[in-house]
Amino acid sequence: MPETTTPFPQGFLWGGATAANQLEGAYAEGGKGLSIQDVMPQGIMSPRVDGPTQDNLKQVGIDFYHRYATDIALFAEMGFSVFRLSIAWSRIFPNGDDAEPCEEGLAFYDRVFDECARYGIEPLVTLSHYETPLALADKYNGWVSRDLIGLYERYVRTVFDRYRGKVTYWLTFNEINSVLHAPLMSGGINTPKEQLTKTDLFQAAHHELVASALATKIAHEMLPGSQVGCMVLAMPIYPLTPDPADMIAVMDADHANLMFSDVHTRGAYPGYAQRYFRENGIELEITPEDRDILTNTVDFVSFSYYMSICETADPAKKIAGEGNIMGGVPNPYLKGSEWGWQIDPAGLRIVLNQFWDRWQKPLFIVENGLGATDELVDIDGVKTVLDDYRIDYLNDHLYQVGEAIADGVEVMGYTSWGPIDLVSASTAQLSKRYGFIYVDRNDDGTGTLERYRKKSFGWYADVIASNGASLRPSR
Ligand code: BGP
């Protein structure tokens, strides 16, 4: 056997990433309150509805609430050393501002973490992943209100205390920068985006940034040895042409994203953000105490990466392409997925280098993957999916992670999005599948909920077992 080498360090964390609202189901069981996802049956782009409707696939999800033990066993079979999941805030505080937490909700995650521990899988826990309790949206207008900081603080203190010794890695807010693009889903903000003032939007972002830094401070005080990361939606932006005006447009667009992790890693607002606030009439309430709390910087930076976009200063060329929450100008050199998200493995190496050069904080890729339609086939009596397209996508991206590590970037781990099929965040479909494990559930809600290993299941197990040595070179 030829000797294989791998750039991935010993102890690199390999696994998959999920969110409570996209897989648990049991939306009204165990004392759980409603979350904003219960009024978003069609995903991000559609307006909210008044109350829970039966067409909402997330009400049942993939029934992880009842099947977590067998699902975690399948993750263990692939060799996962980490499993990213979120705690549904409304399982712990059904209305967000209740005086006491819900014991049944707390007990559920005890069972999940204990199951992970049986297999030596580290939970990586997102405290808030697009599932703000609905009552907080209705009563407070979500993160526009400063009250949310204290309510979030009570929630994180509760779960830090409860899961002491069970969870080391915490993420404060999923894709925190997405609040600028999807205020209801990301920030629980009821005011429709078109009516929301820039001041309210950035005030909400500020409240989240303060809450995030506060959670980091509290974790460091309560849980010695814990590690807290911010989580941002990463999307490298290329100039559409070499025109310097296009490059300035890229710089401005980059700043809008990078501001969130600049604050998380440096503990203060950068100069470009202050200029933007000044020139756009954005007057934020930032107290001396807020400034003090913001100095509690994160231990690592985590991010999702699915695609890159282009930017241009030329309005005639500013075509809006499809994308992960924020689209952009399509890149003529790249092909899109079935959902039009442009596939760019090298972009992952670029973003890893950019983030490392900028912050020198360990990086964690906590989402990446291909949403595709899958066909279940029968091979010698075994049901499976021959998802070579997914294997190619993941291989090419992971190879670029290895390249970034060879560049000197410190990468802690990689969790692919949706290791088991789950409900899509943007379109609320089940047919947009990311998993190594197929779940028999369709967009119309039919299906047995049975699980089947796809071809990519064995492929990922080999990647993990070889610590990345089995990956093929990619561009
Ligand atoms: C990210 C979200 C996830 C997830 C993923 C894939 O933005 O953090 O929750 O769903 O995108 O997106 P989608 O489900 O829309 O395909």
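Looking at region 415-430, I want the residues that are more than 22 Å from residue 47 (Cα to Cα) and in contact (Cβ under 8 Å) with a residue 60 or more places away in the chain and have a partner that is within 11 Å of the ligand (Cβ to nearest atom) and not in a loop (DSSP other than H, G, I, E, B) with Cβ atoms under 6 Å, at least 6 apart or on another chain. Which pairs are those?
That search, which allows pairs on different chains as well, returns 415/17; 415/84; 415/366; 417/17; 417/367; 421/433.
Would you say residue 468 is buried (at least 19 other Cβ atoms within 10 Å of the Cβ), in contact with a Phe, Trp or Tyr (Cβ under 9 Å, 6 or more places away or on another chain) and not in a strand (DSSP E or B)?
The answer is yes for residue 468.
Is one or more of the residues making up region 176-186 open to solvent by less than 10 Å² (accessible area, probe 1.4 Å), among the hydrophobic types (A, V, I, L, M, F, W, C) and outside any helix (DSSP H, G or I)?
yes
Against the condition touching a strand residue (DSSP E or B) at 6+ places or on another chain (Cβ under 8 Å), open to solvent by 40 Å² or more (accessible area, probe 1.4 Å), of a type in the set (Gly, Ala, Ser) and away from the ligand (no atom under 15 Å from the Cβ), how does residue 320 come out, does it pass? Steps first, please.
Details: touching a strand residue (DSSP E or B) at 6+ places or on another chain (Cβ under 8 Å): yes; open to solvent by 40 Å² or more (accessible area, probe 1.4 Å): yes; of a type in the set (Gly, Ala, Ser): yes; away from the ligand (no atom under 15 Å from the Cβ): yes.
Yes: the conditions hold for residue 320.
Can you tell me which of 51, 79, 25, 43 is at pLDDT below 95, open to solvent by less than 40 Å² (accessible area, probe 1.4 Å) and within 25 Å of residue 415 (Cα to Cα)? Break it down stepwise before answering.
Working: 51 fails: within 25 Å of residue 415 (Cα to Cα); 79 fails: at pLDDT below 95; 25 fails: at pLDDT below 95.
After ruling out the rest, the residue left standing is 43.
Out of region 17-74, which residues are of a type in the set (Gly, Ala, Ser) and over 19 Å from the mean Cα position of the chain (by Cα)?
The answer is 26, 28, 30, 31, 33, 46, 51, 69, 73.
Of all residues in region 221-269, which are among the polar types (S, T, N, Q) and modelled with pLDDT of 95 or more?
Kept after step one, since they are among the polar types (S, T, N, Q), are these residues of region 221-269: 226-227, 241, 257, 261, 265.
Of everything in region 221-269, those that are among the polar types (S, T, N, Q) and modelled with pLDDT of 95 or more turn out to be 226, 227, 241, 261, 265.
Please enumerate the residues belonging to region 422-440 that are part of a loop (DSSP other than H, G, I, E, B), open to solvent by less than 20 Å² (accessible area, probe 1.4 Å) and more than 14 Å from the ligand (Cβ to nearest atom).
Listed by number, the list holds a single entry, 436.
Filter region 188-208 for residues that are assigned to a helix (DSSP H, G or I) and either of a type in the set (A, V, I, L, M, F, W, C) or within 14 Å of the ligand (Cβ to nearest atom) (or both); which is surrounded by the most Cβ atoms within 10 Å (Cβ to Cβ)?
Filtering region 188-208 down to residues assigned to a helix (DSSP H, G or I) leaves 193-195, 198-208.
Next cut, either of a type in the set (A, V, I, L, M, F, W, C) or within 14 Å of the ligand (Cβ to nearest atom) (or both) only: 201-202, 204-205.
Working: 201: 20, 202: 21, 204: 26, 205: 23.
Filtering region 188-208 for residues that are assigned to a helix (DSSP H, G or I) and either of a type in the set (A, V, I, L, M, F, W, C) or within 14 Å of the ligand (Cβ to nearest atom) (or both), the one surrounded by the most Cβ atoms within 10 Å (Cβ to Cβ) comes out as 204.
Select, from 312, 384, the only residue that is more than 16 Å from the ligand (Cβ to nearest atom), crowded, with 17+ Cβ neighbours inside 10 Å and closer than 21 Å to residue 430 by Cα.
384
Counting just the residues of region 444-465 that are in contact with a helix residue (DSSP H, G or I) (Cβ under 8 Å, 6 or more places away or on another chain) and in a loop (DSSP other than H, G, I, E, B), which one comes out nearest to residue 76 (Cα to Cα)?
454
Being of a type in the set (Ser, Thr, Tyr), under 26 Å from residue 300 (Cβ atoms) and touching a strand residue (DSSP E or B) at 6+ places or on another chain (Cβ under 8 Å) narrows it down to one of 414, 452, 389, so name that one. Before the answer, list the steps.
Details: 452 fails: under 26 Å from residue 300 (Cβ atoms); 389 fails: under 26 Å from residue 300 (Cβ atoms).
From the options 414, 452, 389, the qualifying one is 414.
The values are calculated or read from the model by the stated rules, or taken from the named source; none is laboratory data. Remember, predicted model here, so these are calculated numbers, not experimental data. Please note: Cβ atoms are built from the backbone with ideal geometry, for glycine as well, and neighbour counts cover all protein chains shown. The protein model used for the area step is the full one, side chains on, heavy atoms only, and it has no ligands, DNA or RNA in it. Shrake-Rupley method; radii C 1.70, N 1.55, O 1.52, S 1.80 Å.
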